[in-house]
Amino acid sequence: MVVEETITFTSGVTTNTSGATTDARLPKQRGAAQTPPAPPLEHAVRYTQERAWDVFPGTWLETVDGVPRCSCGDLACPAPGAHPTRARWVDETTGSATTVRRLWATEPRAAVLLPTGRAFDALEVSEAVGCLALARLERMAQPLGPVTCTPDGRMLFFVLPGVAAKVPATLRRLGWAPTALDLRGKGVGDWVAAPPTRVGARGAVQWAREPNAANRWLPDVDELLPTLAYACGR
């Protein structure tokens with residue numbers, strides 16, 4: 001049975017026993033003790049019901065001789081257990097919780113993937129750049145949308161759709177060639193992996209800024225791009 005509940009998140013700066021401050025909104029160190037995540041199905045249902053996001057199931061991990069392998073069968077898979085199962089993945093996208101339950105009933109381990117170009121797009125940067133940008137954006141009191149952190153050392157900032165048209169022009173206006181920065185936009189025809197999707201033995205996708213009522217309204221590309229470009233340039 002699927003447990004229907006509101007996604008709750010922690011945020012803000014806390015003080016540890018030594019008196020040092022830590023940002024509770026940033027992902028925990030990989031390898032640190034964490035509460036086991038809810039099954040992918042529960043997360044997929046929540047995304048459709050609480051954010052009105054479309055979702056679709058991806059590949060999954062199968063343990064062979066103690067090693068996690070991607071269900072696609074490719075031993076050199078670049079994103080084991082965290083990519084679409086077929087080229088026409090768009091046919092499986094759904095915003096219906098009922099359909100989500102049916103899709104994940106076939107394979108409960110399937111990755112939770114979210115299509116971009118619909119409810120949101122994403123701006124992808126390195127984790128180092130993303131953390132620097134987050135700190136700067138918070139000092140500026142800039143409203144933020146959800147942000148994911150991948151085990152490959154990347155961070156994705158959710159923004160309003162329109163990255164394909166806006167990113168190149170905005171970067172040029174800021175004095176950057178679009179190909180000069182390690183910054184990628186994900187829009188129509190693309191997708192992102194959502195928590196709790198695991199990428200082989202590397203770890204799971206995590207929320208650096210989790211979806212909540214405060215960030216239901218996403219920022220526009222132009223609101224975040226100057227800061228992300230500045231962080232990339234650093």
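The values are calculated or read from the model by the stated rules, or taken from the named source; none is laboratory data. Nothing here was measured: the structure is a model prediction, and the numbers come from that model. When we count neighbours, we look across all protein chains shown, and the Cβ atoms used for this are built from the backbone with ideal geometry, even at glycine. In case anyone asks, the SASA skips ligands and DNA or RNA and just uses the protein heavy atoms, side chains included. Shrake-Rupley method; radii C 1.70, N 1.55, O 1.52, S 1.80 Å.
Quick notes on this one:
- Subset tally (residues that are open to solvent by less than 20 Å² (accessible area, probe 1.4 Å) and either assigned to a loop (DSSP other than H, G, I, E, B) or within 12 Å of residue 224 (Cα to Cα) (or both)) for the stretch 152-163: 5
- Wholly enclosed helices (runs of 4 or more DSSP H) of the stretch 35-150 bearing at least 1 residues at positive phi, surrounded by 17 or more Cβ atoms within 10 Å (Cβ to Cβ) and in contact (Cβ under 8 Å) with a residue 12 or more places away in the chain: none
- Residue satisfying all of: in the stretch 185-205; open to solvent by 40 Å² or more (accessible area, probe 1.4 Å) and in contact with a strand residue (DSSP E or B) (Cβ under 6 Å, 6 or more places away or on another chain); farthest from residue 155 (Cα to Cα) among these: 201
- When residue 166 is tested against (1) out of contact with any Ser or Thr (no Cβ under 8 Å at 6 or more places or on another chain); (2) surrounded by fewer than 18 Cβ atoms within 10 Å (Cβ to Cβ); (3) in a helix (DSSP H, G or I), only condition (2) is not met.
- Residue 14 being surrounded by fewer than 13 Cβ atoms within 10 Å (Cβ to Cβ), in a strand (DSSP E or B) and at pLDDT below 95: yes
To keep it simple, each residue is scored yes or no on (1) under 29 Å from residue 49 (Cα atoms); (2) of a type in the set (A, V, I, L, M).
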{"residue": "139", "(1), (2)": "no, no"}
{"residue": "148", "(1), (2)": "yes, no"}
{"residue": "157", "(1), (2)": "yes, no"}
{"residue": "163", "(1), (2)": "yes, yes"}
{"residue": "178", "(1), (2)": "no, no"}
{"residue": "181", "(1), (2)": "no, yes"}
{"residue": "185", "(1), (2)": "yes, no"}
{"residue": "196", "(1), (2)": "yes, no"}
{"residue": "216", "(1), (2)": "yes, no"}
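- Taken together, the residues in the stretch 35-65 that are under 14 Å from residue 195 (Cα atoms), modelled with pLDDT under 95 and out of contact with any helix residue (DSSP H, G or I) (no Cβ under 9 Å at 6 or more places or on another chain) amount to 2.
- Hits in the stretch 216-225 (condition: open to solvent by 10 Å² or more (accessible area, probe 1.4 Å) and assigned to a helix (DSSP H, G or I)): 222, 223
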